[in-house]
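Before any comments, here is the structure.
The values are calculated or read from the model by the stated rules, or taken from the named source; none is laboratory data. Predicted, not measured: the structure shown is a model, and the values here were computed from it. When we count neighbours, we look across all protein chains shown, and the Cβ atoms used for this are built from the backbone with ideal geometry, even at glycine. Accessible surface is based on the protein model in full, side chains and every heavy atom, while ligands, DNA and RNA are left aside. Shrake-Rupley method; radii C 1.70, N 1.55, O 1.52, S 1.80 Å.
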Amino acid sequence: MKIVIATHNKDKFKELHHGLLSLNVKLISLYDFPEIGEIIEDGKTLKDNALIKARTVHKITSLPAISDDTGLEVDALNGDPGVFTARYAGEGCTYLDNVNKMLKEMKNVPNQNRGATFKTVMAYVDDNMELTSEGIVQGTVTRTKKGVAGFGYDPIFYVPDTGKTFAEMEIEEKNLVSHRSRAIKALRADLATYFNASNIKENA
Ligand code: IMP
């Protein structure tokens, strides 16, 4: 069985591939479908966007598709940037632009109000089924960048249980607590149940 991972991002594909390995399915990326360009993510929620991507890729390829969408919800910013996390500092902005904008916006926010949640929603779509899963991790927004690993907001997202920002963690350490790895784990469990039930039905 083949499943398309609805991403052009090689790092993300690697991470999802690793997390879904035990399902014994062949995972392929959008590089096998050059005709599929950027998919417009105009949903109001992370779940909407994850479903938009998985449905679009399933429709075009006729194969089951998996997608994910991630957002950072900052308490002091009333849950922003949320669905706008990737383009917080504007269209075409870099990771550094986003981090600098967040540090600026949060400059006068006291330590006790700097809580934030990283959330990933994953979606699976085939002809007969739509599944979604969610993974979250709670942390705080630091006052300065710390660490050099990872990407995105990692240098300013501090996880109190670990005493480190994401950018101060090895990838294995980040994977133990991250929003994305939790969402992948939850989807993997639901898919294992679903595939099992489908096999039982087909063989009955
Ligand atoms: P996406 O939906 O996975 O593309 O994520 C949207 C944006 O969230 C990305 O452009 C990054 O800025 C940020 N982001 C997603 N996952 C992480 C993470 O694990 N660490 C830091 N930033 C992340």
- prompt: Just one of Thr70, Thr45 is at pLDDT 95 or above and touching a His at 6+ places or on another chain (Cβ under 8 Å); which is it?
  reply: Thr70
message: So Arg180 passes all but one of these: (1) over 15 Å from Leu72 (Cα atoms); (2) part of a helix (DSSP H, G or I). Which condition number does it fail?
response: (1)
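Determine if segment 164-177 includes at least one residue that is more than 12 Å from the ligand (Cβ to nearest atom), open to solvent by less than 90 Å² (accessible area, probe 1.4 Å), among the polar types (S, T, N, Q) and without any contact (Cβ under 8 Å) to a residue 40 or more places away in the chain.
As a first pass, look at segment 164-177 and keep what is more than 12 Å from the ligand (Cβ to nearest atom): 164, 168, 170, 172-173, 176.
Adding the requirement that they be open to solvent by less than 90 Å² (accessible area, probe 1.4 Å) leaves 164, 168, 173.
With the extra rule that they be among the polar types (S, T, N, Q), the set shrinks to none.
No, the conditions are met nowhere in segment 164-177.
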message: Only one of Glu105, Glu91 is open to solvent by 80 Å² or more (accessible area, probe 1.4 Å), modelled with pLDDT of 95 or more and not polar (S, T, N, Q). Can you tell me which?
response: Glu105
query: Can you list the helices (runs of 4 or more DSSP H) found entirely within segment 1-113 that contain at least 3 residues being over 23 Å from Asp154 (Cβ atoms) and away from the ligand (no atom under 12 Å from the Cβ)?
result: 46-61
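How many of the residues in segment 121-162 are outside any strand (DSSP E or B) and over 16 Å from Phe195 (Cα atoms)? Show your work before the answer.
At the first step, the residues of segment 121-162 found to be outside any strand (DSSP E or B) are 126-129, 142-156, 160-162.
Cutting the leftovers down to over 16 Å from Phe195 (Cα atoms) gives us 142-156, 160-162.
Count: 18.
Every residue in segment 133-160 that is open to solvent by 50 Å² or more (accessible area, probe 1.4 Å) and either within 14 Å of the ligand (Cβ to nearest atom) or in contact with a strand residue (DSSP E or B) (Cβ under 9 Å, 6 or more places away or on another chain) (or both), please. Talk me through it step by step, then tell me what you get.
Applying the first criterion (open to solvent by 50 Å² or more (accessible area, probe 1.4 Å)) to segment 133-160 yields 134, 136, 138, 143-146, 148, 150-151, 158, 160.
Matches in segment 133-160: Glu134, Ile136, Gln138, Lys145, Lys146, Val148, Gly150, Phe151, Tyr158, Pro160.
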